[in-house]
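First up is the structure itself, then whatever we jot down about it.
The values are calculated or read from the model by the stated rules, or taken from the named source; none is laboratory data. Here the structure is a predicted model, which is why all the values come from computation and not from measurement. Here Cβ is always computed from backbone atoms with ideal geometry, including for glycine, and neighbour counts include all displayed protein chains.
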Amino acid sequence: MTNMTSFLEPGMRVRHPSQPGWGIGQVQSNIGGKVTVNFPEAGKVVIDGSRIDLMPVFDE
């Protein structure tokens, strides 16, 4: 089963769909579906990509 986070790579920018206040985060790693993202307002957060589809940000 493929999820939307499987293509995320370090350096990519993302938003958390249910935490808009966290701001735009930067992917630190994506290992086995666990995506570590550094958000400006929440710090480093590990997200289970099988449960939460992070939204990529391409221009902002």
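Assorted remarks:
- Residues of the stretch 1-19 satisfying the condition of being more than 10 Å from I47 (Cα to Cα), surrounded by 10 or more Cβ atoms within 10 Å (Cβ to Cβ) and of a type outside the set (K, R): N3, M4, S6, F7, L8, P10, M12, V14, P17, Q19
- As for the stretch 32-49, it holds at least one residue that is of a type in the set (D, E) and in contact with a Gly (Cβ under 6 Å, 6 or more places away or on another chain).
- Hits in the stretch 22-60 - residues which are among the small types (G, A, S), exposed (fewer than 12 other Cβ atoms within 10 Å of the Cβ) and within 14 Å of M4 (Cα to Cα): G32
- E60 vs. criteria over 11 Å from the mean Cα position of the chain (by Cα) and modelled with pLDDT under 95: yes
- Matching residues in the stretch 1-41 - criterion: being part of a loop (DSSP other than H, G, I, E, B), of a type in the set (G, A, S) and in contact (Cβ under 8 Å) with a residue 24 or more places away in the chain: S18, G33
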